[in-house]
Each structure stands twice: as structure tokens, then as C-alpha cells.
1. May I ask you to list the residues in region B:147-173 that are in contact (Cβ under 8 Å) with a residue 12 or more places away in the chain, over 28 Å from B:Asp69 (Cα atoms), of a type outside the set (Lys, Arg) and not in a loop (DSSP other than H, G, I, E, B)?
2. In region B:176-222, how many residues are in a loop (DSSP other than H, G, I, E, B), under 17 Å from C:Ala63 (Cα atoms), of a type in the set (A, V, I, L, M, F, W, C) and facing another protein chain (nearest Cβ under 7 Å)?
3. Can you work out which of the residues in region A:38-53 that are under 30 Å from C:Gly116 (Cβ atoms) and surrounded by 13 or more Cβ atoms within 10 Å (Cβ to Cβ) is farthest from the other protein chains (Cβ to nearest Cβ)?
4. For region C:164-205: of the residues being over 19 Å from the mean Cα position of the chain (by Cα) and among the small types (Gly, Ala, Ser), which is surrounded by the fewest Cβ atoms within 10 Å (Cβ to Cβ)?
5. Condition first: more than 10 Å from chain B (Cβ to nearest Cβ), surrounded by 20 or more Cβ atoms within 10 Å (Cβ to Cβ) and of a type in the set (A, V, I, L, M). Can you find one or more residues in region A:80-92 that meet it?
6. From (1) under 19 Å from the mean Cα position of the chain (by Cα); (2) not in a loop (DSSP other than H, G, I, E, B), pick out the condition that doesn't hold for B:Lys135.
7. From the list C:Tyr160, C:Tyr151, which residue is surrounded by 21 or more Cβ atoms within 10 Å (Cβ to Cβ), of a type in the set (Ser, Thr, Tyr) and either touching a helix residue (DSSP H, G or I) at 6+ places or on another chain (Cβ under 9 Å) or closer than 15 Å to C:Arg205 by Cβ (or both)?
8. Suppose we keep only residues that are among the charged types (D, E, K, R) and buried (at least 23 other Cβ atoms within 10 Å of the Cβ) within region B:85-126. Which one would you say is nearest to the chain's Cα centre (by Cα)?
Amino acid sequence: MPDPMKIRATTVGDETEVKVLMSHEMETGQRKDGQGKTIPAWFIQNVSVTWNSKTVLSAQWGTAVAKNPFVSFRFKGGAKGDKITVTWVDNRAEKRTDESMIA
Amino acid sequence: MILRAERRELGSCRAASLILTQSACVLALSFCVTACALAQTSAVDEIAKYRAALQDGNPAELWEARGEDLWKQKRGPKQVSLEGCDLGLGPGIVKGAYTRLPMYFADADRVMDLETRLVWCMVTLQAYNESQAKKQPFGNGERKSDIEALVAFVTSTSRGMPMNVALKHPKEVEMYQAGEKIFSYRGGPHDFGCVTCHADEGKRIRLQDLPNLTTREGAQKAYTTWPAYRVSQGELRSFEWRLYDCFRQQRFPELLFGSDASIALTLYLARNANGAIFDAPAIKR
Amino acid sequence: MKSPLISATIITIGVSACVTAASNEEISSKAAAMLKSSFKANGQATLDRLDQDATQHLCSEFAGKAPPRDVAQKIEALNLATVKYPTDGNLLGDWKNGEKIAQEGRGKQFSDDPAGPVGGNCYACHQLSPQELSYGTIGPSLYQFGKLRGYGPETQRYAYGKIYNPDAYAACSNMPRFGHNGILSEQQIKDVTALLMDPASPVNR
């Protein structure tokens, strides 16, 4: 099973800042191993973030995103104690969902 | 709403950033190719800026979280956690322990660094055999190292505390003196020793600045920023890894994990860093 | 507030007491024994690499600083006797190959293919061709090496000898003894000498 994400959500004025760190190899499909064989691409394809079950971000990623990606964004309306849920799905259909409260 | 995902890759003198706006859901790629023609000093500045930008999302936190789980989980043949492990401040006390290591442990009758002590606890508390506990000292992609994760967790609790390594026990003194000697020991086909790169001020290898580890300031700055997430490797690296890879580049044979030479060098540098505020896990190129 | 200061004083006394207890020789031999038990052979990097020759042993005593004049003279004489010049008398090879050797950082590490390239990695420590901006500063800049010193046979001999065994000219140099320790072949040393000494080399333009 993939490792957990690290999610931090804090209110800054009337906005909520969400920072997410994900654990993923994000293999580009361009690299070769010691034997010269291409290492197959393996990367997060879809990311979605919900705030109290309302989608506040959805993104489609490719191989240009780094290993162990870091994402930060802001949205309006969040309040302390609200639930933030982050889900990613990669091209092997592996999936990880984690939750956090707005602090 | 702006989402930023940064590509952490600087190996080939290139920093690319990816900007994504949610409203349009369109990828706007802007590859800021930092020209390799930058003057050397400004390359150093650029790396510093890049590091500051990443500080916020240091992936070392992923290792810290995994290490905390490993510390608390009931594991091994005895199915107990590491919460009874004595890192020098008493069983289960993690906070601040790293600032006093390496140190002499009477139960093992040996000076130990953090990595060696973790292996000791995995063996004595959890009943792993020593080779199981040591089998993956350093991570490599999908083959993750439990030791490096535990190191990330334990060290993170000492952030902000001053280094405070004692030389009280005669074995600590002996280890420190051996560490100092090993630091200047030159050998191998290239005559290299630690001193070749780390005994002078303001030098660099290619464009990489080299700390002078023979001065207090140099040792303090270097020692308090390990372990670190190495962007170029996508791995969190422990201090034992740092020594292992230095010796590889020195053309020496392979440094054994938990060996006396690694502990002696670590004690030498940790002690010289005394008084400095510990600030790791850090993030490095 | 006073107690940390007091304990620090006690520690200092403890250390100095033990320093006098163990002689420098004893500490050195303990450290050498410790090294022996702390490594394992890996491919081409065998354990005999931990054994020091006379130069390495003497130079290890000065913690990266220059040795006293009498020791330095002894080391320089010892190493000067090892320099072997090519039998054909020709010291200059092809500077283009020399540039490649200067760029190549691989060779002799346990992670390197023993059948793969072995370079001089000159740029790690020296500036050479002005086109290469990624150079280190452990050694002096060698830009315009031949142009500044002249292209004569004496300078050629010095350049070749310096690459072959730098300790012959500066005891305990940080630079590897490329010829003496068999890192670079005679032809490779000729090529790097040409990089420094050929008027057509980018180093001299």
C-alpha cells in the first residue's frame, strides 16, 4: 500500500491554504536501469481535493511532476475544523486517500 | 486558485516549474531553464533560493511520518514497539536524544550513533536478528529503508535544540580521538582522505561548495543539516549514508554500516558541532 | 545557569587528562586498526587500499596542512625518484583526448565498472578550458598554463611529472599521483599534458 500523505490546511485571513506532500516514485518512463532496460512510467494521474465533500481542486498530472510531489493552493470559504480530503490515483490504478482538519 | 507543483531536479543545471490553474484545468508549462552560464557565485545563490522554495514542502516529512509509525508499531518476533528503546535519555525518550549522540551505552559497552542504537533496540527489544535489522540501511526507490525512516523521525524531534555531545566516558574520548585520526587518514589509489576536501575554507568541487569540517563553524553548519532529503536522489539520507558515500568517492572499500570508523567520525563531527542549533531533517540538492 | 559551564570545564579537564594518557602513536595505531575492521572489499575496491605507503602515512600526520620543511623535502625526494618519463621522449599527446580525460570523473570507485573509463576528473578541482564553467577550486586555475609559462621542453617535463606524481614537487599535495598509482596510463598523461601545453588547446587560447 502506498505511504500516507502529509496534509496541512490552515486558514489565512478569509482563505484556506492547503499543502499536500505525497509519497510517490513518479517514474518518467524515460530512465533506464543498470542493465539498460527502460524503467516503465509510473506516475500519479489524477488528484482531487474536497472540502466537506465539495471538490475544490481536481488535477490531471503527467510524468513532468517530481518524485514525492508537493502541492499547495488556496480556496475561499473554509473554516477551522472543516474536513479536507485528498485522493490520488496513479497509472497502475493504485490509489491513496487521506484526510485532515483545517487548523 | 493556483496550484504549484515543483519539479525537484537540479542535477543537470536546470530548474523547471509547473504551474497549473484549476479554473481552466490547463497545464501551463514554463520551463525556466536556469542558464548554465550563470556565474559560479550566482549559481550558489540560485541553489539557496531553490532550497528556500522547497523548505515548505520538504519530502523528509514523509520519512518522518513513516518512521513515527515504525517506532510505535508492534513489530518483530516479539511483537513489541520501539517505545521502550533507550536512546540515551531513558527508555522511550526521543526528544533531544539526537543532540547527545553518539554516546557510550553501558548495556552494550560501546559508543553508539543513532543508527547503531536503533539496530541494537530492534535486536534486543523486538528480537530481530542483527542481519535482518541491518539488511536495508539505505533506501533505494521502492526498496525503502526502515532505519532511514526511524532516523528521520528521531532526529526531527531534536530540531531547534543545541548539540550537546559529551566526552565523559573513556571510550567516548578514545572514539573521538580515533575519529580525528581517521578524518586525516589518506589512502587508496587517489591518496584521498576527508581532509582532501574538508580542511580548507571557501573551496568547491565542480560547483559544489565544500564545508571546512576542521573548524567549529564548518562542523556546526554541516552536522546540524543532516539527515537531509537529497533532491537529486529522491531519498532521505542519514549521516551514516553521508560517510558511506564520501568513502566511495575517496576510492576506499565499502564502509560497513554501524562500524567503529563511522561512529568515530560521527562523534568527532558531532562533538565539534556542540552548541549549534540542530536543524534537520533538511533538504539538499 | 552556572551548571552547564561547570560541567563543560569538567569535560575539558577529562579530555586533556586522557590526551596525555594515550600517545599520538597509540591513537594512530588504534585508528588504523579500527579502519581495518570497518570496511569490506567491494569489487575493485579491495581492503589493501587501506594500507598506506610511506607518503600517505607521513602526510596523514598533518591533518591536511603542509608538513614541516624537512619532512616535505624527504617526501618530495621519495616521490621524484618514481617519475617515469615516456621512453620515446615525446611528452605531448592529443589535447582533445586530454579534455575528455579531464572531464571524466569515473574510475576506481567500487560503483564503477572495472572495465569502464578511468578519468583524471581535473575539472573537479581546477579551471582549465574557459568553456567549462563547472570547475572546482581545490587546486589552482590552470587556464593559460602553457601560454603563461612558455611551451618549452622544461615546462613540458614539469607538467608531465606533476601529473605523474604531484608529491615530487609539493609534498602532501591534494592531487592524486596519477602515474605513480596507476590511475592514468602513459598515453592518458601525455594527452592531459597536451591539454595544458599544446598552443592549440583551448586552455591556451
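1. B:Glu172, the sole residue that qualifies.
2. Within region B:176-222, residues that are in a loop (DSSP other than H, G, I, E, B), under 17 Å from C:Ala63 (Cα atoms), of a type in the set (A, V, I, L, M, F, W, C) and facing another protein chain (nearest Cβ under 7 Å) number 1.
3. In this case the residue turns out to be A:Ala41.
4. Result: C:Ala200.
5. Yes: region A:80-92 contains one or more residues that are more than 10 Å from chain B (Cβ to nearest Cβ), surrounded by 20 or more Cβ atoms within 10 Å (Cβ to Cβ) and of a type in the set (A, V, I, L, M).
6. Single failed check for B:Lys135: (2).
7. On inspection, the qualifying residue turns out to be C:Tyr160.
8. B:Glu115
The values are calculated or read from the model by the stated rules, or taken from the named source; none is laboratory data. Because the structure is a prediction, the values reported are computed rather than measured. Virtual Cβ from ideal backbone geometry, glycine too; neighbours counted across all protein chains shown.
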